Every structure is written in structure tokens, then in C-alpha cells.
Amino acid sequence: MMASSIFQFCKHAYFLLRFHLLEQFFFRALIRFTTPFKYQSHLKLQRARLVAIYSTRKTIPSLIDYTKKIIPLTLSNSKFSLIPLNDLIAIPNSRLAEFEFHSHRNVLKEPDFLLSWRFILDWIQQYPFSTSRSYQVSWHPYVISKRVQHWLALWVLSPPPEKDRQNILQSLFFQISWLEANLERDIKGNHLWENAQALILGGAFFEGAAADRWLKNGIVLIKRCFKKQLLPWGEHFERSPSYHFELTHGLSFLIPWLEKIESHQLDADDIKERAKKMLNFASEISHPNGLLPFFNDSWKMEAPHSEHFLQSWIGDYFISRQRDLFLIFDSGNLGPDALPAHSHCDLLTFEMSVGDRPLFINSGTFSYQGVKRDLYRSSPAHNVLVLNRKNSADIWSNFRMGRRGHVLNREKLKTAHGVWTWASHNGYSFLGGATVIRGWFIATTPSFVCSFHCVTPSKKINHLQEFIHLDPEVEILKTIEPPSPEILNRSLLLKTGSLHSHFGTLGASHQFTLEKTMFSPHFNAEIPNKTISILSNAHKRPLGSSEPLYLATAWYLTLQNNFLNISLELNEKTIKLSWEYQNQLLSTELQISIP
């Protein structure tokens, strides 16, 4: 037992040292050493601020400065189901829930803004900086960053009563002072980005030398975040659509604040271009109903969806948007190696919609702690192929990741009958060097898609299983059994909204079942759903077989029942797909390259 614990410790330490940046370790050590001293100095500052008078800039934004008179921060959904302010009597019993509680997102959802300000005044009294509980949670730098944004958004919507303003200003000024002294340079990622946005807003709101410093430092920091965290196609590098969209809303909110300051017009223009690019990316990856995909740590969030018909790569994603069928294929890495906190074991996952309703989705994110944290981060919780019942990455300690795979290549080929696209990853290279290849064929004839997985041979592989998670609202109208016991293929008749679709497996080397699973659209919330499980026997080949690949699983989806005799064959490295449509025999081939 002791030897096992030592081995685990050494393994985790190895991966931390291998993938994390040296500056992350430096800043973490610096924070641990200096925080007690900063805490004592800010206690003295807190006593001084109780008698200080704070003034704000004469020109701050109003509602008319925002597009359609909508504050962007009001469009972000909470990780938790919305709780009215009147029902927030006690702090929920989890650290994440406490973070959300103290972030005060709910003050923007309350129709009675006077009630929101009363809630804030009550919070100021109940959670002073001087208590250890407040210090640990409600005064966490990330929580402060979100709270500052929400308070100032509420100020734009409806300023507090005159008699309460100095009390609120004193608290706000002190929060930003503490934030400035505790920027999350060790974590980086979306935390540091949110820190920068709060500093900019504080500097644009208050007057004085401290405010000027916040504004200057915040702009320097946000530009550094753009350089390090924003990918060329406009995606945040942690690859969580929900966090990406939250950051987009944050940028959109602070732009009018900078536009009110004459010396920062160029900064406002730069941030506006970044926000526009991030918004465009979010709209391209969203489902037809606006739902953002449940990739990595995500919760239910909606974006203005694109209406462009396309079949192309957008960054690491292949997107096919047709009249009645939407497919997004994630062929990127799990996330940044130095910051896998929000990464799941979802290499080469996908989501799909039929009409304007989701059909196949990933399982979501139930929690940031506990047993279900690992469950929802695991490979079986996503639409992927799982080898030997193991995850494609080693996850531990809620936000840590040890061994992890990477995408090796991704390709696209246009043919007379449609488009092939495929990618590969080495997440299972520890199983005798296995490589997993996932490919798609999307027919030019509308509403016909084929998916396949190929795997390089390995004596260590003894179990292959693909999981495909249905959206909870999808109805299974009929299960069509095979015509004879020798054929294992089954098919489903599905109803998504008003549209019917046909799902079926290809090949006779696997078994197809339906399993009862759960879907989590918000934290601490679960909805029963069904998952298609395809158990493959493809690895049980004759000894001495020399093929470089074998076909693990394959299936098709059509929106019409006049696609007949669909078959998929693998010969060496060539995939051949054949089908019959309107009395025509059609076929297409793909030559697969093994990285």
C-alpha cells in the first residue's frame, strides 16, 4: 500500500514537472509566502477605507451605449440553475457553489434592482474581509473579479440609492485593491483574464492615482492574455465553450467603459476586434438552436448561431452545417498542457443536431469535486471510442491531469458524393503504441452521415467500446432487430423535434445496446438519458494477421428511409463506403494515412 502511494505521488509529480511552466511554480510559491503579510497590511487598509470618501469618473457608460440596450453579462448563464435572490438564504454546501454565490451573478437576473442592491449591502455586512471564512472564499481573486463586473453592470442598469453609494464604493474599492495584490499568475487561464477585466473596469470607474494604475496594468495584462490565451481563430485556449463565451461577454461589457476615456480609444478598438472574433467563433460552433457544445467543462449556454451552410475546418473543429443536419467534430487536443483544469477525456468527440434540435451531445459537467467529477470527465461520458475501459487521459485531484494524448493529424477530402474528414490521436499509446483514427463521411445528398473508428493493432487491446449519448429530449420510436441471429446489426428510429432519423451500425463484428445514463446541463443537476453503446469484437482477429489497421466501430445516420444496402469495408488502409439511393448504387473511397 505504501509502495503504491509513493508510486502514485512520483507519477503525479513527474507529469506536473513535465507539463507545467516554471513560472507557475514560482508564482504559486510566491503567493504562499507573501499572502499572510498582504493579509495583515490589507486589514489596516480596510480600517482606513471605512472613513475614506471615494469618487467616480464623470463619464461612465449607460444602457444606450450597449447594442440593443442589453448588458452582455446578463446573457451568461450560471453554472447552477437560477436561484432568485429571495431564496439565497444560506450558502450552498460546496466550494464551487460558494464561488458562484459570492460572484453575485444573480443580482443581474433579479427584476427588482433595489432588491439586488439590498442583497449587496447585506453581503457587505455579512462577509467582511476580516473573517477567515470570507477571506478564503468570498475574497478569492477570481470571485472578486466576477463580483466587480456584476456590481458595475448593475450600476449601469440602475445605480444604487444615493444614501448607500459610499458604503458600496468603499467595499468595491477595497475589493479591487485586494485583487491587484493577488493576481492569479500561478493559475493563469480564464482566472487571470477575469482579473484583468476587473482591473480595467475598476480603473475606468474610479478616479485617482490607484484607479489610473489599475487601468494601465489591466490593459497590459489583458493584452498579454490575448497573446498567450487567444487562438488564431478566436477560441480561448482552454477549449471550454461556456468559459469562452463568458470571457466574450466580459470583453463586450468593458468596451464602452474604455470608449468613454479619450486616451484609451485605441485600446477599446483592439478589444472590440477581439470580442467580435470570439463571438463569431462561438456562433460558428453552436447548434442550430444556439446551444453551445458540451466540450470539456461546460454547462448550458446559448450563443447567436450561424446560419451559413458550410463543410470546413474552423480551428480544431470540422463543422458541417446543412439544411437539416449539423455536425461538429472536435479534432483538437484536450486543452493547454500547462493548464488542463477544465479538460475532459474527450479526444475526437462530436455533437450533432437534426433540424433545430440536438440529437447527440456529451454528458456535461456535474461538479468540480467528488466522485462525479471524475465520472463526468471520463471518456465514457463522451462520444468517443474507449479502449480497455480506460480513459484517454489520466485524471486526478479534480483539476489535474497526468498522462494525456494528443491529436496527431487531421485531414479533409472532397469527393463527387460528399466530404471525408478524419483525425487520429495517441491517447492509448500506452496500450502497445495503439493509435485511434476517427473518420466521417458527410454525403452531398442531404442528411446522410457515416462515422467510423480504426485502430492500429496491439496485443494489449482486449476491449473496444464506443459511446454515443442521446440528448434527453430525443425519442426512441422503434428498435429494429436484425433479420437473422447471425447479423448483430440493430437500428433505431429516432424522433428529434418533428424530424425522424434512422441510426444503424455497420459491420457484423460488434454488438449494439442502449444504456441508461445521466446528462448534466447545470452543476448539481442531472437528467436521465439514453446512451448507445457499441461493443466491438474487431480486435479478436486471427493470429498472424498483418493488416496495419482494423475497423473497430462504424455507424450511419440518415433522415430518409430510402438509403438502402449501406456497407463499409476496410482493406489495408482503404475505407470503401457503398449505399443505394433512389435506385442508384453509389460508392466512395478514402485512403487513410497512419501517422
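Summary table below
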item: Residue exposure sequence - I60, I395, I200 - by fewest surrounding Cβ within 10 Å; result: I60, I395, I200
item: Estimated [θ] at 222 nm from DSSP helical runs (n ≥ 4, -39500 (n - 2.57)) normalised by residues in the chain, nearest 500; result: -10500 deg cm²/dmol
item: Relative contact order, percent, the stretch 316-591 [alpha-carbon distance under 8 Å, six or more residues apart]; result: 15
item: Alpha-carbon Rg with Dmax, taken over the chain, Å; result: 26.3, 85
item: Rel. contact order, % - alpha carbon contacts under 8 angstrom, at least six apart, the chain; result: 9
item: Chain lengthening between N583 and L21 when straightened (0.36 nm per residue, less Cα-Cα); result: 196.3 nm
item: Length released on extending from E307 to E475, taking residue separation times 0.36 nm less the Cα-Cα span; result: 57.9 nm
item: Global size of the stretch 225-291 as Cα Rg and Dmax, reported in angstrom; result: 12.6, 41
item: Excluding exposed DSSP-loop GluC sites (Glu not before Pro) (at most 14 other C-beta within 10 Å), longest clean stretch of the chain; result: 1-206
item: Long-range tail of P(r) for the stretch 349-403 (Cα pairs > 18 Å, %); result: 40
item: Label-to-label distance, nm, for residues given as T74 and K516 (7 Å Cα→Cβ offset); result: 4.2
item: Fraction of alpha-carbon pairs over 16 Å apart in the stretch 312-385 - percent; result: 56
item: Net lengthening on full extension, S567/K412 (0.36 nm per residue, minus Cα-Cα); result: 53.7 nm
item: Equivalent ellipsoid, the stretch 255-413 (semi-axes from 5 times Cα gyration tensor eigenvalues, Å); result: 30, 22, 15
item: Mean separation of Cα contacts under 8 Å, 6 or more apart, over the residue count of the stretch 30-285: relative contact order %; result: 21
item: Nearest 10 degrees, 0 to 90: helix 265-285 Cα axis against the chain principal axis; result: 30
item: Ratio of the Cα radius of gyration of the stretch 107-229 to 2.2 N^0.38 Å, where N counts its residues; result: 1.05
item: Rule-of-thumb Rg ratio for the stretch 30-285 [Cα; 2.2 N^0.38 Å; N residues]; result: 0.96
item: Euclidean distance between Cα centres, the stretch 405-425 to the stretch 293-362, Å; result: 16
item: For M518, residues with placed amide H under 5 Å, excluding near neighbours; result: N529
item: Residue pairs, from the table K146/K516; K414/K530; K69/K146; K188/K300; K459/K530; K109/K276, whose Cα atoms sit over 28 Å apart; result: K146/K516; K414/K530; K459/K530
item: Unit Cα scatterers, Debye sum, the stretch 511-595: log10 I(q)/I(0) for q = 0.13, 0.18, 0.22, 0.23 Å⁻¹; result: -0.69, -0.97, -1.11, -1.14
item: Rough spin-label spacing in nm, given labels placed 7 Å along Cα→Cβ, for S158 and F37; result: 4.6
item: Degrees separating the helix 2-19 axis from the principal Cα axis of the chain, which is the longest one; result: 80
item: Using alpha-carbon coordinates, inclination of helix 22-49 to the longest axis of the chain, degrees; result: 30
item: Cβ-Cβ FRET estimate between I6 and L45, R0 fixed at 56 Å, reported to 0.05; result: 0.80
item: Residues R239, R490, sorted so that the one with the fewest Cβ neighbours within 10 Å comes first; result: R490, R239
item: Global geometry of the stretch 316-591, whether rounded, prolate or oblate, following the gyration tensor of its Cα atoms and the 1.5 cut on a/c; result: oblate
item: Column: log10 I(q)/I(0), Debye, Cα scatterers of the stretch 370-483, q = 0.20 Å⁻¹; result: -1.18
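All of the numbers you see were taken from the coordinates with simple rules; none came from a lab. Note that the structure is a prediction, hence the values are computed from the model and not measured. We place every Cβ from the backbone using ideal geometry, glycine too, and count neighbours over all the protein chains shown.
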